[in-house]
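Take a look at the structure below.
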Number of protein chains: 2
Amino acid sequence: MPRRPASATGSPGIPEATIARLPVYLRALYALADRSIATVSSDELAAAAGVNSAKLRKDLSHLGSYGTRGVGYDVEYLVYQVSRELGLTQDWPVVIVGAGNLGRALANYGGFASRGFRIAALLDCDPAVVGTEIAQHTVRSAAEIEDAVSSHGVSIGVIATPAASAQHVCDRLVAAGVTSILNFAPVVLNVPSGVDVRKVDLSIELQILAFHAQRRTVVASSSEQSWQARRARRKTIGEFADSGGADGLDADTGVEAQAVGT
Amino acid sequence: MPRRPASATGSPGIPEATIARLPVYLRALYALADRSIATVSSDELAAAAGVNSAKLRKDLSHLGSYGTRGVGYDVEYLVYQVSRELGLTQDWPVVIVGAGNLGRALANYGGFASRGFRIAALLDCDPAVVGTEIAQHTVRSAAEIEDAVSSHGVSIGVIATPAASAQHVCDRLVAAGVTSILNFAPVVLNVPSGVDVRKVDLSIELQILAFHAQRRTVVASSSEQSWQARRARRKTIGEFADSGGADGLDADTGVEAQAVGT
DNA sequence: ACGACTTTGTGCAAACGTTCACAAGGGCGT
DNA sequence: ACGCCCTTGTGAACGTTTGCACAAAGTCGT
């Protein structure tokens, strides 16, 4: 991840953590606008977005002073400002590579179009799928990646292929001029610097949940108390170095080696 | 998202950021094992996982001292240790609510089964879908959520429904005993404390990419005088040029077309 | 017009995360 | 057995993010 010099560019350098939350605020704001709510306080908006109100105010303060003290924020005005900051006042043509279940889900996802993302092309390499129609888009052959990218001036590519082809597809997208990639394939992509990659991994999220779920059962079996005691304890309680680290286990070789696919 | 009390449980308190990377390391380790590589250095593993090697070593050091100085890490042993830490040495039954494109993609996703996640039930409320077979699972009616959860001792639920039904489904899952939820619907879920929610939002990731892409072009054009001239406009929000003919134009349409039990 | 009340915007300190740099420790050749 | 070389594990410095608490700045009622 190439660090961006932030203030060296003339832009005030909005923290990455803030950027990641702006879309959440934006969605909450749209929901408010739908209900014809004209103004909103930081407390209300924070609650709708599921964050702390101080955090929300600090986040918004990075964009400028768009609130009115004693009143709150004008919903429509803030929608515009956040959209502009995120670059959503322009249309972003996007190519999606891979028209399996995931690619189809993406193509049908209303949240894209409503934020200015327009599907410029939907590609797949399976001849059985090429030519079929998905969400008003005719699936084109993956051989046309370069053409689709350059003819529409696409700068964002979505990879929804199996893991095995992801890097190859990525290379071609980058060569064709794509500089932002959203990767759903469970692999780490190698890209030249200057290309931005974000990863969405369905199974990683489950594994993180499993970790916490496991911990919960361990805790529950040792001390029966609901976990409300939020602020109770402080730092680590000594060194439990390794709770169950019996060395004797000869790493059971049942390592299921299975190619992960989408 | 609520802060996780990490060290409040009496366990060694592995940082959240580390937990989020363990699944990535695990995948890289599996790939190495597939190639019959017995040991790996922190440099190599870090490269495969796409992180800095110092970070990898520090992450692994939270689990214990499982490396050998001068040599590296034994791949199989480390696979076992990481799996155990993540709670993947046991099976996790999972219910998936919503059998649209996304639910189907999830059901067919090989990465779940290979990490110990077993689909206990796949539910939907659309009568046209109930009864059909998806990835060797017969889709059951959404009315049976409670039964599916309690009869299999499920503690992890996946919500792949449209936004409108997500909170309702969530409530029912929680009431039935689910304590970990993976949410794909673009809404902020309200859950009682003690329930762990993780969110995967397809459009948020794109918006973050758009921000960086925009910044890149702004920097390239080099003559943007920031946003001092902010007060002028008051654009309306209604019309976000949406040329594509996608169905849902409402700010927050669901992930898919079908509705799930309300 | 003015004071009471409300809410924003922000300085500050603590918590958290990352990176550097190097000592500790183990294998391997001789 | 010894010393060299390699890699781990970690203390310490640095940067980022969070949350508190409050002054600044506006509105509203009288």
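The values are calculated or read from the model by the stated rules, or taken from the named source; none is laboratory data. As the structure is a prediction and not an experimental result, all values here were calculated from the model. Glycine gets a Cβ as well: all are built from the backbone with ideal geometry, and neighbour counts include every protein chain shown. Surface areas here come from the heavy atoms of the whole protein model, side chains and all, with no ligands, DNA or RNA. Shrake-Rupley method; radii C 1.70, N 1.55, O 1.52, S 1.80 Å.
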Exercise. Can you find even one residue in segment A:118-139 that is open to solvent by less than 50 Å² (accessible area, probe 1.4 Å) and in a helix (DSSP H, G or I)?
Worked result: no
Exercise. If you go through segment B:61-71 one residue at a time, do you hit one that is touching a residue at least 40 places away in the same chain (Cβ under 8 Å), within 12 Å of DNA strand C (Cβ to nearest atom) and open to solvent by 60 Å² or more (accessible area, probe 1.4 Å)?
Worked result: yes
Problem set entry | Breaking point among (1) at pLDDT 95 or above; (2) within 14 Å of DNA strand D (Cβ to nearest atom); (3) facing chain B (nearest Cβ under 9 Å), for A:LEU88 | (2)
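Can you name every residue in segment B:72-82 that is more than 8 Å from chain A (Cβ to nearest Cβ) and away from DNA strand C (no atom under 11 Å from the Cβ)? It would help to see each step written out before you state the result.
Taking segment B:72-82 and keeping what is more than 8 Å from chain A (Cβ to nearest Cβ), we get B:72-73, B:75, B:78, B:82.
Within segment B:72-82, B:TYR73, B:VAL75, B:LEU78, B:VAL82 qualify.
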For this session: Take segment B:197-216 and flag every residue that is open to solvent by 10 Å² or more (accessible area, probe 1.4 Å) and farther than 20 Å from B:GLY103 by Cα.
Result: B:HIS212, B:GLN214, B:ARG215, B:ARG216
For this session: Output the residues belonging to segment A:82-137 that are of a type in the set (S, T, N, Q) and in contact with a strand residue (DSSP E or B) (Cβ under 8 Å, 6 or more places away or on another chain).
Result: A:ASN108, A:THR132
Exercise. Got at least one residue in segment A:138-157 being closer than 18 Å to B:GLU205 by Cβ and aliphatic (A, V, I, L, M)?
Worked result: yes
Seminar exercise, completed: Within segment A:93-107, residues open to solvent by less than 10 Å² (accessible area, probe 1.4 Å) and facing chain B (nearest Cβ under 7 Å) come out as A:LEU102, A:ALA105, A:LEU106
Exercise. Of the residues that make up segment B:232-239, is at least one over 27 Å from B:SER155 (Cβ atoms), of a type in the set (A, V, I, L, M) and modelled with pLDDT of 95 or more?
Worked result: no
Exercise. Which one of the conditions (1) over 22 Å from the mean Cα position of the chain (by Cα); (2) buried (at least 17 other Cβ atoms within 10 Å of the Cβ) does A:ARG115 fail to meet, given that it meets all the rest?
Worked result: (1)
Seminar exercise, completed: Counted residues in segment A:170-193 being out of contact with any helix residue (DSSP H, G or I) (no Cβ under 7 Å at 6 or more places or on another chain) and open to solvent by less than 40 Å² (accessible area, probe 1.4 Å) come to 2
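So is B:VAL40 β-branched (Val, Ile, Thr) and not assigned by TED's automatic domain parsing to the domain that holds B:SER150 or not? So that I can check it myself, show each step before the final result.
Values: β-branched (Val, Ile, Thr): yes; not assigned by TED's automatic domain parsing to the domain that holds B:SER150: yes.
Answer is yes for this residue.
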Exercise. Has segment A:33-40 got at least one residue that is at pLDDT 95 or above, within 12 Å of DNA strand D (Cβ to nearest atom), polar (S, T, N, Q) and part of a helix (DSSP H, G or I)?
Worked result: no
For this session: Evaluate the following for B:ALA142: is it open to solvent by 10 Å² or more (accessible area, probe 1.4 Å) and away from DNA strand C (no atom under 16 Å from the Cβ)?
Result: no
Exercise. Going by the structure shown, is B:VAL154 under 18 Å from the mean Cα position of the chain (by Cα), over 20 Å from B:GLY100 (Cα atoms) and crowded, with 19+ Cβ neighbours inside 10 Å?
Worked result: yes
Exercise. Would it be correct to say that B:VAL51 is among the β-branched types (Val, Ile, Thr), assigned to a helix (DSSP H, G or I) and within 12 Å of another protein chain (Cβ to nearest Cβ)?
Worked result: no
